[in-house]
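J.: Have a look at this one before I ask anything.
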Amino acid sequence: MRPVKPFFRARAALAGTLVGLLALTGCSLLGDDGAPESGTGTAGPHSSASADRDIPYDVTPLLKPAKKYYGVAVPGAPTSMKSVDTYTGMTGKQPNLVEYYAGWGDGFDATGVRNAWAEGALTLMSWEPFDTPLTDIAAGRSDAYIKEYATAVRRLNLPVVIDFADEFNGHWEKWGTDDVTPAHYVAAWRHIHQTFVDAGATNVIWAWSPNIVNPVRNVKLEPYYPGDAYVDWVGLIGYFTTGSDNAFDSVFGPTRERIRTFTKKPFLLLETAAMPGERRRADIRNLFAGVAADDDMLGFVWFNHKKRADWRLEASPLALKEFKRLAADDRFGFDVRKPS
């Protein structure tokens, strides 16, 4: 349940009732091309498009779908979907979750979200506040920007995933442990979330995304958690690297165990990949098997970039062949426009 200020409760209750009625009929609020379908509003088949847009997109069916998300982060997407299409041809399956990275101050990429949606994919935006202190965000100094962004998200009225200031439990980010306290992080997160709610942008899935604890075991996660009312997914960030135990439970287990002490929100491997080398095929097998075996694991996003290491699947033909074989599993991937 998202927190709502008192004078928004009546409006939220009305919207919730309308969305609930639509959910009972199995209707989607939007057509495949991202435009509202005529006749999906409660006013009947002659209701206008503008009236349909007054109902926020209901993200509930996407929060914990029956099948797994099969995601990717590739250069240029989703503003251009060419690299996603290339990845689809390479792996034999079309991703249904496309991640991209945006700096604080960037505008909302509505075109990119539409592009991904047209191909049956949800967009995940990793929002990175490189040049703005989190204390300023929490204090309201970025409110004009946040409101403009939230308004654009609401106006598009397609579901999007937002991951703000990820890897906060590491010292390597500007918003990490060397520069930001847990209290400042939580205050900034809650302020952004509430600003979106106030703008009516409830078509957002919020992903709280720590780095796996293996390299930073002394950093506690619970003080950084904004609370269940402000988070929909826990998006773990972790890679299969050389020189360490790469069993799935060794890579992700310690972090899952800590998080389960304070929330039951479902997990998504928001950013993962395996380092090239002899173990890469085994790492890929561990990834698919580990995600498939855990009902609380929603899926994964493969980081198909060359950054610090060459994480691209095409860098390892034998590993790519193994990835393609495992990606054919029907449990992975579905059209997000028709999640049930």
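What follows is calculated from the coordinates using simple rules that are stated; it is not laboratory data. From a predicted model like this one, the values you see are computed outputs, not experimental measurements. No Cβ is skipped: glycine too gets one built from the backbone with ideal geometry, and neighbour counts run over all protein chains shown.
J.: Can you work out the Karplus-derived ³J(HN,Hα) for every residue in segment 303-311? Use 6.51 cos²θ - 1.76 cosθ + 1.60 with θ = phi - 60°, whole Hz, and x for glycine or proline.
T.: Per residue, the Karplus-derived 3J(HN,Hα) values read 7, 8, 10, 9, 8, 6, 9, 8, 7 Hz.
J.: Please list, by residue number, every one of the GluC sites (Glu not before Pro) in segment 276-340 that is coil in DSSP and has at most 13 other beta-carbon atoms within 10 Å.
T.: Numbers: sites: Glu278, Glu314, Glu322; in loops: Glu278.
Hits after loop and neighbour filter: Glu278.
J.: Right, something else. Give me the three principal axis extents of segment 193-267 from the C-alpha atoms, as integers in angstrom, largest value leading.
T.: 48, 21, 18
J.: From the backbone phi of segment 161-178, what are the Karplus-calculated ³J(HN,Hα) couplings (6.51 cos²θ - 1.76 cosθ + 1.60, θ = phi - 60°) in whole Hz, Gly and Pro given as x?
T.: With the stated coefficients, segment 161-178 comes to 9, 10, 10, 9, 6, 6, 6, 5, 8, x, 8, 8, 9, 5, 9, x, 5, 6 Hz.
J.: What residues qualify as long-range amide H neighbours of Ala309, i.e. H under 5 Å apart, gap of 5 or more or another chain, H built at 1.01 Å from N?
T.: Placed amide hydrogens put nothing under 5 Å from Ala309.
J.: Hey, another quick one. Below 12 angstrom from the Cβ of Asp294, what's the summed charge of the other residues (Lys, Arg +1; Asp, Glu -1)?
T.: On the way: positive: Lys68, Arg256, Arg260, Arg331; negative: Asp249, Asp295, Asp296.
Value of the local net charge: +1.
J.: With each pseudo-label sitting 7 Å past Cα toward Cβ, what's the Thr86-Arg217 distance in nm, one decimal?
T.: Once both label points are built, they end up 4.1 nm from each other.
J.: Go through Asn286, Tyr224, Asn214 and say which Cα lies farthest out towards the positive end of the charge dipole of segment 152-289; charges sit on Cβ, +1 for Lys and Arg, -1 for Asp and Glu.
T.: Asn286
J.: Averaged across orientations, what area in nm² does the convex hull of the alpha carbons in segment 207-332 project? Can you show the working numbers first?
T.: Working: hull surface 31.4 nm².
Quarter of the Cα hull surface area: 7.8 nm².
J.: What ranking do 161-169, 65-73 get when scored by the average of other Cβ atoms within 10 Å per residue, highest first? Intermediate results must be reported in sequence, preceding the final value.
T.: Values: 161-169: 23.8, 65-73: 21.1.
By packing density, highest mean first, the sequence is 161-169, 65-73.
J.: What is the sum of charges, Lys and Arg at +1 and Asp and Glu at -1, for the other residues whose Cβ falls under 13 Å from the Cβ of Asp131?
T.: Numbers: positive: Arg141, Lys174; negative: Asp106, Glu128, Asp136, Glu173, Asp179.
Result for the local shell: -3.
J.: Residue separation times 0.36 nm, minus the C-alpha to C-alpha distance between Lys67 and Glu257: what's the value? Intermediate results must be reported in sequence, preceding the final value.
T.: On the way: separation 190, 0.36 × 190 = 68.40 nm, distance 2.32 nm.
Extra length from Lys67 to Glu257 when fully extended: 66.1 nm.
J.: Could you size up the charge dipole of segment 143-284 around its Cα centre, putting +1 on the beta carbon of Lys and Arg and -1 on that of Asp and Glu, and report it in debye to the nearest 20? Can you show the working numbers first?
T.: Details: 15 positive and 18 negative charges, 61 e Å.
Dipole about the Cα centre, nearest 20: 300 debye.
J.: Right, here's the next one. Given charges of +1 on the Cβ of Lys and Arg and -1 on the Cβ of Asp and Glu, with all other atoms neutral, how large is the dipole of segment 74-215 about its Cα centre, in debye to the nearest 20? All intermediate terms of the calculation are to be shown ahead of the outcome.
T.: Working: 9 positive and 17 negative charges, 102 e Å.
Here segment 74-215 has a charge dipole of around 500 debye.
J.: I would also like to ask the following. If Lys and Arg each add +1 and Asp and Glu each add -1, what is the summed charge of the other residues whose beta carbon sits under 11 Å from the beta carbon of Phe164? The partial results should precede the final answer.
T.: Numbers: positive: Arg190; negative: Glu128, Asp163, Asp166.
That sum, taken over residues with Cβ under 11 Å, equals -2.
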